[in-house]
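What follows is a single structure, written as structure tokens, with notes after it.
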Amino acid sequence: MTFSIHGIAVARGVAIGRAVLVGSSRLDVAHYFISADQVDAEIDRVRAGRNAVVEELQRLQQDMPKDAPHELAALLDVHLMLLEDEMLTAGVKHWIRDRLYNAEWALTTQFEVIARQFDEMEDDYLRERKADLEQVVERVLRRMLGAPLPVVSGPRPRRQQDLLLDDTQDVPLVLVAHDLSPADMLQFKQSVFAGFVTDVGGKTSHTAIVARSMDIPAVVGARSASHLVRQDDWVIIDGEAGIIIVDPSPIILAEYGFKQRQGDLERERLSRLRNTPAVTMDGQRIELLANIEMPDDTLAAVKVGAVGVGLFRSEFLFMGRHGRLPDEDEQFEAYRAAVEGMQGMPVTIRTVDVGADKPLDESRRDDAHLNPALGLRAIRWCLADPAMFLTQLRAILRAAAHGQVHLLIPMLAHASEIRQTLALIGQAREQLDHRGDVHGPVRLGAMIEIPAAALNLRPFLKYFDFLSIGTNDLIQYTLAIDRADETVADLYDPVHPAVLRLVAQTIAECQAQGRDVSVCGEMAGDTTLTRLLLGMGLRSFSMHPSQILAVKQEILRADTAKLKTWARSVLDAENPAELLAG
Ligand code: PEP
Ligand code: MG
């Protein structure tokens, strides 16, 4: 039966595919397609893992002391029974043979299918067996993962045109999860999924930001989607409206198939703007820069005609590594790769911004109750660990010898933090000189993303060459709304008069002092706000490559002289959203 779930729209477009539910298993597994000639080997891998666990459990049974509690023996029996259950083994074979899923993916998928059936059982005892099943599946996975884990990769699914035609491994897949960390998302970046849905998250949570950078339809904050959607259900994700339609009827499918093709045509049309200079109707040249997470993203940036990188979120090099941080050489190689990828255009590397919704690794999430968005995040973390920060600074300064590098510091609020940061940059240079290593000049920038910084720009204008407004955090901290919390997402308002005033004042003060200023938060890539930002005087925008051409289209149609007066009226309005819509 068709039903829909509403969430928060984060990345445009329509995806139609079968649901892959992830997240119930506590083990991360790789998701990739195998080739037909690997089927038997993959089935053997699961069988070997399962047999090893059966042996292990039988050994435990044999060695069990006579006085061991009766429940323990019964539990081992249950686990052995579950392992030998036909439904588990036949199901796993089905996913491998008919869908060409890799072994781990097949096992977790079948686990989800059976777990769902347990959930629906009336009998409490049987319902609770789900936890046992999860344990045995995890044991098997662990056995299988004893061998090196294959990287998550595989062909990106074709866009859905053949939905009604086939039911093979070519069917697009959409990922449905309770939650995905930014590091998970990064792992999925090269993967097979055509769209994403998560139960939690807000429009500018980092998970949503990475989904947007992947340029595939995504909905976050869909509350109970991961409970309502079943493994392998057909799902439509409408990334524009923030709606998920489960088990759609043929009429709805046809309608969305049409919408999807329209979207493809629109992209095709926009792609022709790639080489068109971003100049407004009244001749103002606008700088369109890219936000990236990894050096490889420069490919997409160059492809859409970005004139530089306005924000390289370097923390993505640091995440999901179980606390082992990248050393100086590894970082240097990554920064140099980004610089070279941009072929002579400037690259703005932001120093590491972990904390809040970007924990270094999942175990650190336990700190959630400490209010991490207000805690030891970004530059605060760097100043608290100077050795780590100096390592990053040296790597960036070395990369600056290979091209134009701008160094951007996040989350500054106090003049004392600015002075400490500058001192450490000086120290990093001295260390490089001492070692005889080559380093290059950098332009220094600060992010304006804490209201206190926006309200007290003087020290920033004194010490920095340029400022970059981080609207994602500026909104979060101005309105006291956790950007990653879907329960208050309706109050996360980029056009709240207070937010607009802070953004406008920052732009105006920079202009008055002759400092470059840009916006690198998600507002910069929102086409409904392009005219307003132009009217405020903004001439430099940094956003995900996927948004650049649509924003350029707005710019080509804009007349900044007219927009200036209009922007003033929006700023003075009680409800700016009304004027923007009109
Ligand atoms: C911002 O806060 O607007 C920003 C660009 O940085 P991040 O989203 O990484 O916090
Ligand atoms: Mg920020």
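The values are calculated or read from the model by the stated rules, or taken from the named source; none is laboratory data. Model, not experiment: these values are computed from the prediction. Please note: Cβ atoms are built from the backbone with ideal geometry, for glycine as well, and neighbour counts cover all protein chains shown. Please note that ligands, DNA and RNA were not included when accessible areas were found on the heavy atoms of the full protein model with its side chains. Shrake-Rupley method; radii C 1.70, N 1.55, O 1.52, S 1.80 Å.
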Response to the item:
Once both label points are put 7 Å beyond Cα along the C-beta direction, the N51-R223 separation in nm becomes 4.9 nm
Worksheet item: Between L265 and K562, what is the FRET efficiency for a Förster distance of 30 Å, r being their Cβ-Cβ separation, to the nearest 0.05?
Response: 0.50
Worksheet item: Ignoring ligands, DNA and RNA, what percent of the 1.4 Å accessible area of the chain is carbon and sulfur?
Response: 53 percent
Worksheet, complete the sentence: Accessible-area order for D179, D353, largest to smallest, probe 1.4 angstrom, reads D179, D353
Practice prompt. Please work out the Cα center distance from the range 384-425 to the range 483-546, rounded to the nearest Å.
Written response: 24 Å
Practice prompt. Output the relative contact order of the range 12-100, whole-number percent, from Cα pairs under 8 angstrom with separation of 6+ residues.
Written response: 46 percent
Response to the item:
Note: R285 to A384 extended length (0.36 nm per residue) minus current alpha-carbon separation gives 31.6 nm
Worksheet item: Per residue, what accessible area does the chain have, given a 1.4 Å probe and all protein chains present, in Å²?
Response: 43 Å²
Worksheet item: If one computes the Cα centroid of the range 194-246 and of the range 269-328, what distance in Å separates the two points?
Response: 24 Å
Worksheet item: Using 7 Å Cα-to-Cβ label points, what is the L374/D296 separation (nm, one decimal)?
Response: 3.9 nm
Response to the item:
Ignoring ligands and nucleic acids, L75 exposes an accessible area, probe 1.4 Å, in Å² to the nearest 10, of 70 Å²
Item to complete: Compute the length gained on full extension between L72 and E255: take 0.36 nm times their separation in residues and subtract their Cα-Cα distance, giving the result in nm to one decimal.
Response: 60.4 nm
Worksheet item: Which value, in Å² and to the nearest 10, is the accessible area of S249 when all protein chains are kept and the probe is 1.4 Å?
Response: 40 Å²
Fill in: For the range 290-295, Karplus couplings with θ = phi - 60° (6.51, -1.76, 1.60), whole Hz, Gly/Pro x
10, 9, 10, 10, 9, x
Practice prompt. Can you find, among L563, L376, A74, the residue farthest towards the positive end of the dipole of the chain? Put +1 on the C-beta of Lys and Arg, -1 on that of Asp and Glu.
Written response: L563
Worksheet, complete the sentence: Mean separation of Cα contacts under 8 Å (at least 6 apart) over the residue count of the range 268-400, i.e. the relative contact order in percent, is 23 percent
Fill in: Unsatisfied cross-links (Cα-Cα over 27 Å) in the set K203/K259; K303/K562; K358/K462; K259/K303
K303/K562; K358/K462
Practice prompt. With a 1.4 Å probe and every protein chain left in place, tell me how much accessible area K93 has, in Å² to the nearest 10.
Written response: 80 Å²
Worksheet item: Mean separation of Cα pairs under 8 Å and 6+ residues apart, divided by the residue count of the range 285-346: what relative contact order is that in percent?
Response: 40 percent
